[in-house]
Structures are given as structure tokens and as C-alpha cells.
Amino acid sequence: MPPSVGVVLPTRDRPELLRRALESVLAQDYEGGLRAVVVFDRAEPDMSLAGDRVEVIGNTREPGLAGARNSGILALDTDLVAFCDDDDQWLPGKLAAQVKALEAEPGAVLCSAGIVVDFDGRELPRLAGTDRVTYDALIRDRMMSVHSSTYVARREPLIEIGMVDETIPGSQGEDWDLALRAARRHPVVNVDEPYVRVLWGLTSYYAQAWETKVAALEWFLEHYPEIGEVPGAAGRVYGQLAFGCATVGRRRDALRWSARALRANPAERRVPFALAVASGAVSGKRVLLALHTRGRGI
């Protein structure tokens, strides 16, 4: 009998997108038991979504994405747990392919898959280029395709490694942290086919978001000192910090992080963007729009 799967869909104030995401989960052709738990974070639960395979609850833990995910994990008793963000969609065949891959690796905690970035109607596939993602690889490169909406995990080992960390500022990068901790135990199994459509947009790019992003990146440097020991990884994170500080007007901090990024990796490509924003030549929003049009990010 195939393992049972419970899917956690955290949500807040996006009812139309949520229904689309939920429909894509329930439409999976999977022979095992499949159920979903929709977790409303800082919002009144919509009980009209509840049904034979759908449970609706409120976030009972720390407000935010991480707490909502953990509320869903603890509400389930399934063999496997999967995530789907409320603005993403699972594509046909996703769940069956990942469960098969995960069952072939008894020691693995987590399985990911490729994604299709949907930006303004333009679809761009992003793949990891491998069927195994190691801890060292995740330190070197925050792989975009190792994305939370692709995750399928063994529930008990997931709880053993600590579930989703609720102390990360704004839950920014919580999926990277979870993948890193899972990969410490066993490489993340990866099905390198685009099985999730990930919706991108600019609605969340405002000053407070970048202040939170900067705080989260500093959290990662504190909790994963290995990042600072790998030139490419250090350059990437320092460059992101430089861009974030520039976007919120912290020019001196932007210059300081830019200098550190260049010392770590003289070819770090985020630095010119950060310096352009810090100088006032262009806005951070405009830079992100140009990058996202190409399926890229900072």
C-alpha cells in the first residue's frame, strides 16, 4: 500500500489563489491516501473549504509562515507530509513521482522537485540538474528549485530534525534552512522535472519586507558559519545583504556589505545592482522587475 500523504497549505488573505492551489493538490493521481490541511495564519479560517479530504484550522503556533506550516504538520498523522504555498500549483504527476523517488531512498528525510517560474504569464523552468542535493551543495548555492512547494518529507524524521524553524525573522528562507537540516542527515532526493508552478510578483517588495530579509540573512550567517567559509556562498549572501540594505536606504551598510562581497568573491554579480540602488540611479523594485522577467532573483 502506498504511504499516506498529508499536504499543508498555509494561507493568509488570498482566497482565489488558495482555491487554485488546493484544487491542484486534490487533483493529483495518487493511489495512496491523500488529504490536505489548510492553515489560516492571522486570518479567520474559511470553513467552506473543509471536506472529506480537507481539514481547515488556524495557526496555533508562532504567527507567520513557519508556525502555520508546523501547525499543519502536527495536525496530520500521515506517513508523509508535503507543502504547497497558497499561490503555487502542483502539476500532474508530481506527487506520485516524488513518493516513488523518496521510497527508493529509505534514509532520506526530504524530496524536492523542479519548478516552473510563472512571472506575468511567462513560464521559465528552473531545475537543480541533479537527483541528489547535498548539504555542501545547499551551502554553496541556494537552489531556487529546492522550493517549499515541492517538498515531500517523511513525517517522523521531519519532526525529529525540528520541523520548520519559527525563530527565523519573518520566516524568510525557512525552506532553505529546513532543506539544510534535512540534508545533514541524508542528501535531499530531487526529481529534476518541473512539477510545481511557482507564481512570482512584485506585490510584496516594499521596505519592511527587505528589512526582514536582511535580518533573516544575518540569522543564516549566525546559524550557518560555513556560508562565510565558502567564497561563492559568502559573496552571494553578502551581496544580497548589500542589495537589501540599499533598497531600504541604509547606504552605509550597503557599501560595507558590498565590500565584503567583493572580498569574498570579486566576481559577485549582485554588487553592481546594490551599488546602483545605493547611489539612487535605480530603484530596487526596478532591478527586481528586470531580473524576474528573466526568471531570476537577487
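The values are calculated or read from the model by the stated rules, or taken from the named source; none is laboratory data. This one's a predicted model, so the numbers in the text were calculated from it and none came from an experiment. So basically every Cβ, Gly included, is an ideal-geometry build from the backbone, and we count neighbours across all protein chains shown. For the accessible areas, the whole protein counts, side chains as well, though only heavy atoms, and no ligand, DNA or RNA atoms are used. Shrake-Rupley method; radii C 1.70, N 1.55, O 1.52, S 1.80 Å.
Take the conditions (1) under 18 Å from residue 153 (Cα atoms); (2) in contact with a Ser or Thr (Cβ under 9 Å, 6 or more places away or on another chain); residue 127 misses just one of them, which is (1).
In a residue-by-residue description of the stretch 28-47, the property of being under 24 Å from residue 118 (Cβ atoms), in a helix (DSSP H, G or I) and out of contact with any Gly (no Cβ under 7 Å at 6 or more places or on another chain) applies to no position. Within the stretch 175-186, residues that are in contact (Cβ under 8 Å) with a residue 24 or more places away in the chain and closer than 14 Å to residue 142 by Cα reach partners that are of a type in the set (Lys, Arg) and open to solvent by 40 Å² or more (accessible area, probe 1.4 Å) with beta carbons closer than 8 Å, at six or more positions or on different chains, in the pairs 176/142. Tell me which residues, restricted to the stretch 114-143, are open to solvent by 50 Å² or more (accessible area, probe 1.4 Å) and either among the hydrophobic types (A, V, I, L, M, F, W, C) or on the phi > 0 side of the Ramachandran plot (or both). Correct list: 120, 121, 127, 129.
Of the set (1) open to solvent by 50 Å² or more (accessible area, probe 1.4 Å); (2) of a type in the set (D, E, K, R); (3) over 21 Å from the mean Cα position of the chain (by Cα), all apply to residue 213 but (3). Just checking, how many residues over the stretch 108-130 are closer than 23 Å to residue 7 by Cβ and in contact with a helix residue (DSSP H, G or I) (Cβ under 9 Å, 6 or more places away or on another chain)? Qualifying residue count, the stretch 108-130: 10.
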